[in-house]
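The values are calculated or read from the model by the stated rules, or taken from the named source; none is laboratory data. These numbers were taken from a predicted model, which means no experiment stands behind them. Methodologically, a virtual Cβ is constructed for each residue, glycine included, from the backbone with ideal geometry; neighbour enumeration extends over all protein chains shown. These accessible areas exclude ligands, DNA and RNA; they are computed on the full protein's heavy atoms, side chains included. Shrake-Rupley method; radii C 1.70, N 1.55, O 1.52, S 1.80 Å.
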Number of protein chains: 2
Amino acid sequence: MDQIVRDLERAVRNVPDFPTPGIQFKDITPILADPNLLNRAVEALAHPFEQAGITKVVGIEARGFILGAMLAHHLGAGFVPVRKKGKLPYETVSSEYELEYGVDVIEMHVDAIAPNDRVLIHDDVIATGGTAAAGYDLARHAGGEVVGFAFLIELTFLEGRAKLDDSLMIHTVMQV
Amino acid sequence: MDQIVRDLERAVRNVPDFPTPGIQFKDITPILADPNLLNRAVEALAHPFEQAGITKVVGIEARGFILGAMLAHHLGAGFVPVRKKGKLPYETVSSEYELEYGVDVIEMHVDAIAPNDRVLIHDDVIATGGTAAAGYDLARHAGGEVVGFAFLIELTFLEGRAKLDDSLMIHTVMQV
């Protein structure tokens, strides 16, 4: 697994000043473009959850849809998209989270998760943790049992982990 | 394959008046939520392309990321996200397409597709075909050989197929 992580780390592209000046963005598209790295990224994300009986993977719009769907397939689970406000067509539940200035809202279909579901929450990157915590709220509100979180990259200096329930497995493949 | 298509058709949820009054939206989230249907949807999408030597699957933001990533994995290909303007961090190529009023722009990383790539373009739904045609332009501009298109649902009354190169395989799993 260590070698896989090193190969993945080498493939991440650092893009300076995106989305705003002073921010160095971690671009995972070189991983996505390579079938071998893509498989290994999914395996590395899934690793602690292989025997966890996950029935639903929640992926957060938009980049969380990509590896989230593959993770669902890998674990034999269904996939649940969590989207920005107004994007889901059917009846939704919603959760607010704080931005640097103001709040944002994410939504999930009301029937996306059932009370007996065992849920894994995925996004490609955990930054401040606000979106992941809001995703957790949605899954809990629907009655699902959240087993853990799986992120490809953790931006440790933003301390997003502190926003999440630390009794759960918070798995991050790469830490920067 | 006929039985698979019937099972998928039964799972699609019709949502009236979304996103605007008078439009009946085809909601595929019940397919995504069911691991068995999800697998079958990917198999049905991939079916004509199993032996086509596809090296890159292009998925169009945001719903095209979900089955697109799984399709890439199924075909042993890499995944290329095509996104709305300003969302991709690295240098991009862009393509305009017409909306009912005005134009919209989608983008792809300049290095996402190489001249020897064999490309499959995916979105969940083909409506007017504008986005898919723009995705085709991006892949061609990068020098890739576009082998075909795979859509889960074709809204035949919008005649989107007419906007696409009809010398290519245009594969749609369900037609409404």
Query raised in the report: List the pairs whose first member sits in region B:160-176 and is assigned to a loop (DSSP other than H, G, I, E, B), whose second member is open to solvent by 50 Å² or more (accessible area, probe 1.4 Å), and whose Cβ atoms are under 8 Å apart, counting only residues at least 6 apart or on separate chains?
Result: B:V176/B:T156
Query raised in the report: Would you pick out the residues in region A:74-92 that are open to solvent by 80 Å² or more (accessible area, probe 1.4 Å) and more than 16 Å from A:G135 (Cα to Cα)?
Result: A:Y90, A:E91
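When you scan region A:149-156, do you find a residue that is in a helix (DSSP H, G or I), without any contact (Cβ under 8 Å) to a residue 40 or more places away in the chain and closer than 19 Å to A:D104 by Cα, even just one? Quick ask: steps written out before the conclusion?
So in region A:149-156, the residues in a helix (DSSP H, G or I) come out as A:156.
Now drop any that are not without any contact (Cβ under 8 Å) to a residue 40 or more places away in the chain, which leaves A:156.
Retained after the next criterion (residues that are closer than 19 Å to A:D104 by Cα): none.
The answer is no, given that none of the residues of region A:149-156 is in a helix (DSSP H, G or I), without any contact (Cβ under 8 Å) to a residue 40 or more places away in the chain and closer than 19 Å to A:D104 by Cα.
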Query raised in the report: What strands (runs of 3 or more DSSP E) lie completely within region B:1-83 and have 1 or more residues being of a type in the set (D, E)?
Result: B:24-27
Requested in this report: Search region A:27-52 for residues that are without any contact (Cβ under 8 Å) to a residue 40 or more places away in the chain and pair each with any residue that is among the charged types (D, E, K, R) and open to solvent by 10 Å² or more (accessible area, probe 1.4 Å) when their beta-carbon atoms are under 8 Å apart and the residues are at least 6 apart or on different chains.
Outcome: A:D27/A:R13; A:T29/A:R13; A:P30/A:R13; A:A33/B:K56; A:L37/A:D7; A:R40/A:D7
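If a residue must be part of a strand (DSSP E or B) and surrounded by fewer than 21 Cβ atoms within 10 Å (Cβ to Cβ), how many such residues does region A:136-146 contain? Write out each step before concluding.
Step one: list which residues in region A:136-146 are part of a strand (DSSP E or B), which gives A:145-146.
Filter again for surrounded by fewer than 21 Cβ atoms within 10 Å (Cβ to Cβ), leaving A:145.
Total satisfying the criteria: 1.
From the list A:Y136, A:Y101, which one is within 21 Å of A:K84 (Cα to Cα) and at pLDDT 95 or above? Before you say what the answer is, go through the steps one by one.
Numbers: A:Y101 fails: at pLDDT 95 or above.
Exactly one residue qualifies, and that residue is A:Y136.
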Query raised in the report: So which residues in region B:93-135 are in a strand (DSSP E or B), open to solvent by less than 50 Å² (accessible area, probe 1.4 Å) and out of contact with any Ser or Thr (no Cβ under 8 Å at 6 or more places or on another chain), if there are any at all?
Result: B:V93, B:S95, B:L120, B:I121, B:H122, B:D124, B:V125
Query raised in the report: If you check every pair at least six apart or on different chains, which have Cβ atoms under 9 Å apart with a residue in region A:53-64 that is in contact (Cβ under 8 Å) with a residue 12 or more places away in the chain and farther than 23 Å from B:P81 by Cα first and a residue that is polar (S, T, N, Q) and not in a strand (DSSP E or B) second?
Result: A:T55/A:N116
Requested in this report: Could you tell me which residue of region B:4-53 is least open to solvent (accessible area, probe 1.4 Å), considering only residues that are modelled with pLDDT under 95 and of a type in the set (S, T, N, Q)?
Outcome: B:T20
